[in-house]
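For reference, the structure discussed in these notes is given below.
Each value in this text was obtained by applying a stated rule to the coordinates, not by laboratory testing. Since this is a predicted model, take the numbers as computed values, not measurements. Note: ideal-geometry Cβ built from the backbone for every residue, glycine included; neighbour counts use all protein chains shown.
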Amino acid sequence: MGHQQLYWSHPRKFGQGSRSCRVCSNRHGLIRKYGLNMCRQCFRQYAKDIGFVK
């Protein structure tokens, strides 16, 4: 079995590996509340544009 067959062979239907930021595809620090699906860094960048007020 070569690298190509093994690289993404494990099913990722749930858990951290299945979700990523919709802006930068990062998997760490995801904010999923309200269906945002953005990492915290991108959320800080776009929060005002989305309509979040501090």
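Per DSSP H run of at least 4 residues, take -39500 (n - 2.57); add these up for the chain, divide by its residues and hand me the 222 nm value, nearest 500 deg cm²/dmol.
-8000 deg cm²/dmol
For segment 15-54, what's the relative contact order in percent, using C-alpha pairs closer than 8 Å and at least 6 residues apart?
Relative contact order comes out at 29 percent.
May I ask you to sort 30, 6 by Cβ crowding, counting other Cβ atoms within 10 Å and putting the fewest first?
Ranking 30, 6 by Cβ neighbours within 10 Å, fewest first, gives 6, 30.
Could you state the angle between the C-alpha long axis of helix 40-50 and the longest principal axis of the C-alpha atoms of the chain, as a value from 0 to 90 degrees rounded to the nearest 10?
Between the helix axis and the principal axis of the chain, the angle is about 40 degrees.
Could you give the dipole magnitude of the chain about its Cα centre, charging the beta-carbon of Lys and Arg +1 and that of Asp and Glu -1, in debye to the nearest 20?
Numbers: 11 positive and 1 negative charges, 47 e Å.
So the magnitude is around 220 debye.
Could you work out the Rg to Rh ratio of the chain, with Rh taken as the Kirkwood radius (inverse of the mean 1/r over all Cα pairs)?
1.16
Can you give the local net charge around residue 45? Use residues other than it whose beta-carbon is closer than 15 angstrom to its beta-carbon, Lys and Arg +1, Asp and Glu -1.
+4
Projected onto the charge dipole of the chain (+1 at Lys/Arg Cβ, -1 at Asp/Glu Cβ, origin at the Cα centre), which of 2, 46, 14 gives the Cα projection farthest towards the positive end?
Value: 46.
List, in order, the whole-Hz ³J(HN,Hα) value for each residue of segment 25-37 obtained from phi through the Karplus relation with A = 6.51, B = -1.76, C = 1.60 and θ = phi - 60°; use x for Gly and Pro.
6, 6, 10, 9, x, 6, 9, 9, 4, 6, x, 5, 6
Enumerate the calculated ³J(HN,Hα) couplings along segment 11-24 in order (Karplus 6.51 cos²θ - 1.76 cosθ + 1.60, θ = phi - 60°), each rounded to whole Hz, writing x wherever the residue is Gly or Pro.
x, 10, 9, 8, x, 4, x, 8, 10, 8, 5, 6, 8, 10
Around residue 28, what is the net charge, scoring Lys/Arg as +1 and Asp/Glu as -1 over all other residues with Cβ under 12 Å from its Cβ?
+3
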